[in-house]
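Below: the structure, in structure tokens.
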Amino acid sequence: MRLDRQATELISAETALDTIAAFYSRLLGLLDRGAVPSDFEALGAETRARRPDLAERFEADMALAIRLRENVEHKLKRERELIALNETARDLSAVRDTDQVLQAIIRRARQLVGSDIAYLSAAPDERSPFHVRATEGVVSEAFASIIVPRDVGICGSVVRTRRPWQSSLYRSDQSFHHDPGIDTAILAEGVVSILGIPLELEAHIIGVLFVADRYERAYNPQEISVLQSLGTFAALAIENARLLEEAQRALNMAREANVALRAKADDIESAAVAHERLTELIVRGGSLDDLRNRVAKLLGGDAVILDERQIAMAGALPAYMPEHGLASAIRESVRLGRSVQFEPAPFQTVTVAAVTSGPVRLGALVFARSKPMSSSEIRTLERAALVTGIVLLSMERVAEATYRNVADIVSALLRGTSDPFRPEGSSALPVGVSLSWPVTILLVSSKDGFAAHLPQALRAAASGRHVIGAAFNGDLAVVTSGDDWTGLARRIATALEDSGRQPYNIVVSQSVSDASTAATEYRSLRRGLALLRNLGQSGRIVPEKTLSLYGLLFDGQGEEAARAFIKDTIGPLLDHDRRRKAQLASTLYAYFETGRSLQRAADALGIHVNTMRQRLDSIGSLCPDWAEANRGLELHMALRLLRLSETLPS
């Protein structure tokens, strides 16, 4: 019996050892493969069922194994976090594309925390709202376009507290301010829990790193800590991107400035070469044709030099050039003080540079070609316009010497001091001009008078084979021995209008046969011009004999004398006619002009003689003494003067 009991005890001991060995073998296996806690719990339950006597010992060792498993898991997780942070730092130091770095950061944040969604919002400055810069795990495309004000939602809470902010039940959480539009976008992704980590740089919140889940969850301190580390890297990436963009912008500006300086230097060099060639042309005494050819060759197009009347002096205007458009461009160039471009036809660009000397317009340099001009070419053309001005002024000086001789001749004629057309004095006349008695004198008056040097266009109009003209006492005096004084006056009027010298009047003398009569006729012309001013006339070409009587009558009186005489004499008649739309003034004029005959005056007016009597009675009520001889003479003269001012030919 004793041997049987010992044998039984020995077998029981061997069985216990086997059970213990099997337990620890399986426990080590679970640790080796990193089993989940439920596997450890299953092993404990099975062992307790087989050997309840060993349960207490197994429970203690099981707890130790689970702690070892958790420690290993914690270290592995920490290792993964450190690896992720190290990789993020390496990405940041490699200065890759910022969007790629941010995308890698949120991907690692999502993996480390095990969240369904991760995204990052950033603001360009501390006052701007937040814009989504990167997303991971998001389904809706609209999510990436969310814009969050700085005082709304989780973003607002993070900015206000400058600390991480989480919510386990986003929809019902009232600890932050909800925005309906933002809530719609977030809840459309099924978000239940969310955590926001501030991206802080130099005490400024420049963005927020988010992780979110589609189930209720709380984020532990270790998870928040690793996300804060990733947030620091994200803030650095955003700041590096800003600094890189600024540096790139500065580099681009420097590169552009360098290109501009190089282009400027090239422009200056080409302009200097062009100016040197144009200057050399002037020194050699080149003509306007030489200058035009040089400009055309330098710029590769067609050049034309015009005078102030838009008449070509060198070259020829193309057929497609509109006269109105050209004149407008010249005026604009004079106003701006630089060249003006316009397109008169498809694929044709015309550049106009006015040629001026102070306020005086000498002409224009017109350049045409198929392609627009560059800025350096425009400057070259404007320099060529300056050179053209120098050439024209040189030509003007030669013309001025001739003009001074003409001015002396005209002055001597109108003063009556000598006979400028005597045979021995003919050499003083310009080449090609021949004058002899009798002559006709045209006296031209302009509101602003005439300077000693007349505009070229006006001087050209007042010259010819049998014509000379010069400024005299503030007027333009033109002397001609030709028969067509009417055509000459019209040419002068056209030149005055083209040059803007308005208003003007022209009075033409009778035929003058000798020097002694010329001075007297000149005084009559002056009186005629004064009378036209008194009558408020402008743009008139009038024979002096039409004005002689009235000019003598108002000679030496003020500019308002003639109009004041009309008003004082027949003013009541004129006022009555304007108010009643009557014809008393014309009736009295016809009565005086027909020798005070009722019948002839009525016939002239086409009315019945009784109507004539009725009108004279009305005149008597307005001018009681009109029938007296002296008063009638004044009325007749006033009516004639009025009729003269209304019927002068223009």
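The values are calculated or read from the model by the stated rules, or taken from the named source; none is laboratory data. What you are looking at is a predicted structure, and each value in this text was computed from that prediction instead of being measured. Here Cβ is always computed from backbone atoms with ideal geometry, including for glycine, and neighbour counts include all displayed protein chains. Keep in mind that these areas ignore ligands, DNA and RNA; they rest on the heavy atoms of the full protein, side chains included. Shrake-Rupley method; radii C 1.70, N 1.55, O 1.52, S 1.80 Å.
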Go through the residues of segment 160-183 one by one and say whether even a single one is of a type in the set (V, I, T) and touching a Lys or Arg at 6+ places or on another chain (Cβ under 9 Å).
no
Among the listed residues R277, R309, which satisfies the condition of being open to solvent by 60 Å² or more (accessible area, probe 1.4 Å), in a loop (DSSP other than H, G, I, E, B), of a type in the set (K, R) and modelled with pLDDT under 85?
R309
Look at segment 217-227 and say how many of its residues are at pLDDT 85 or above and open to solvent by 20 Å² or more (accessible area, probe 1.4 Å).
5
For segment 583-608, what are the residues that are under 19 Å from H636 (Cβ atoms) and either under 60 Å from the mean Cα position of the chain (by Cα) or not in a helix (DSSP H, G or I) (or both)?
Q583, A585, S586, T594, G595, R596, S597
In segment 262-274, how many are modelled with pLDDT of 75 or more and open to solvent by less than 50 Å² (accessible area, probe 1.4 Å)?
1
Kindly indicate whether Q557 is in a loop (DSSP other than H, G, I, E, B), open to solvent by 60 Å² or more (accessible area, probe 1.4 Å) and either modelled with pLDDT under 80 or over 20 Å from S434 (Cα atoms) (or both).
yes
Where E245 falls short, out of the listed (1) of a type in the set (D, E); (2) free of Cβ contacts under 8 Å to residues at least 12 places away in the same chain; (3) surrounded by 13 or more Cβ atoms within 10 Å (Cβ to Cβ)
(3)
May I ask you to list pairs of residues, at least six apart or on different chains, whose Cβ atoms are under 6 Å apart, with the first in segment 216-228 being under 13 Å from G196 (Cα atoms) and touching a residue at least 24 places away in the same chain (Cβ under 8 Å) and the second being open to solvent by less than 60 Å² (accessible area, probe 1.4 Å) and not β-branched (V, I, T)?
A218/S168; Y219/L195; I224/P164; V226/E81; V226/L112; L227/A109
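Starting from residues that are of a type outside the set (G, A, S) and within 13 Å of L169 (Cβ to Cβ), keep the ones in segment 196-214 and report whichever is least open to solvent (accessible area, probe 1.4 Å). Steps first, please.
Here is the first cut: in segment 196-214, the residues of a type outside the set (G, A, S) are 197-202, 204-206, 208-211, 213-214.
Add one more test, that the residue is within 13 Å of L169 (Cβ to Cβ), and what stays is 213-214.
Values: D213: 0, R214: 92 Å².
By that ranking, first place goes to D213.
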For segment 424-444, which residues satisfy the criterion of being more than 18 Å from S516 (Cβ to Cβ), over 54 Å from the mean Cα position of the chain (by Cα) and either surrounded by fewer than 17 Cβ atoms within 10 Å (Cβ to Cβ) or modelled with pLDDT of 90 or more (or both)?
E424, S426, S427, A428, S434
Can you work out which of the residues in segment 312-325 that are in contact with a helix residue (DSSP H, G or I) (Cβ under 6 Å, 6 or more places away or on another chain) and not in a loop (DSSP other than H, G, I, E, B) is most open to solvent (accessible area, probe 1.4 Å)?
M313
Counting only residues that are open to solvent by 10 Å² or more (accessible area, probe 1.4 Å) and out of contact with any helix residue (DSSP H, G or I) (no Cβ under 6 Å at 6 or more places or on another chain), which one in segment 101-114 is nearest to A237 (Cα to Cα)?
Q103
Unmet requirement for K297, which otherwise passes all of (1) in a helix (DSSP H, G or I); (2) modelled with pLDDT under 85; (3) more than 28 Å from the chain's Cα centre (by Cα)
(2)
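Go through segment 267-295 and give me each residue that's of a type in the set (A, V, I, L, M, F, W, C) and under 15 Å from V352 (Cβ atoms).
First, pick out the residues of segment 267-295 that are of a type in the set (A, V, I, L, M, F, W, C): 268, 271-274, 278, 281-283, 288, 291, 295.
The answer is V295, and nothing else.
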Return the total of residues in segment 578-612 being in contact with a Ser or Thr (Cβ under 7 Å, 6 or more places away or on another chain) and closer than 13 Å to L642 by Cβ.
1
Hey, can you tell me all the residues within segment 500-521 that are open to solvent by 50 Å² or more (accessible area, probe 1.4 Å) and at negative phi?
Q502, P503, Q510, S511, S513, D514, S516, T517, T520
Residue list for segment 173-195, restricted to those being crowded, with 20+ Cβ neighbours inside 10 Å and at positive phi
none
Mind listing whichever residues of segment 148-172 are surrounded by fewer than 16 Cβ atoms within 10 Å (Cβ to Cβ) and either among the hydroxyl-bearing types (S, T, Y) or outside any loop (DSSP other than H, G, I, E, B) (or both)?
R160, T161, S172
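Can you tell me which of S128, S157, S115 is at pLDDT below 90 and polar (S, T, N, Q)?
Working: S157 fails: at pLDDT below 90; S115 fails: at pLDDT below 90.
Just one listed residue meets the conditions, S128.
Tell me, which strands (runs of 3 or more DSSP E) wholly within segment 426-529 include 2 or more residues that are over 16 Å from V406 (Cβ atoms)?
Working: elements: 440-446, 467-472, 475-480, 504-508.
Because the criterion is at least 2 residues that are over 16 Å from V406 (Cβ atoms), the strands (runs of 3 or more DSSP E) in segment 426-529 that meet it are 440-446, 504-508.
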Residue within segment 522-533 that is surrounded by fewer than 16 Cβ atoms within 10 Å (Cβ to Cβ), of a type in the set (A, V, I, L, M), modelled with pLDDT of 85 or more and more than 13 Å from L644 (Cβ to Cβ) present:
no
Take the residues in segment 333-353 that are touching a residue at least 12 places away in the same chain (Cβ under 8 Å) and part of a helix (DSSP H, G or I), then tell me which one is surrounded by the most Cβ atoms within 10 Å (Cβ to Cβ).
S333
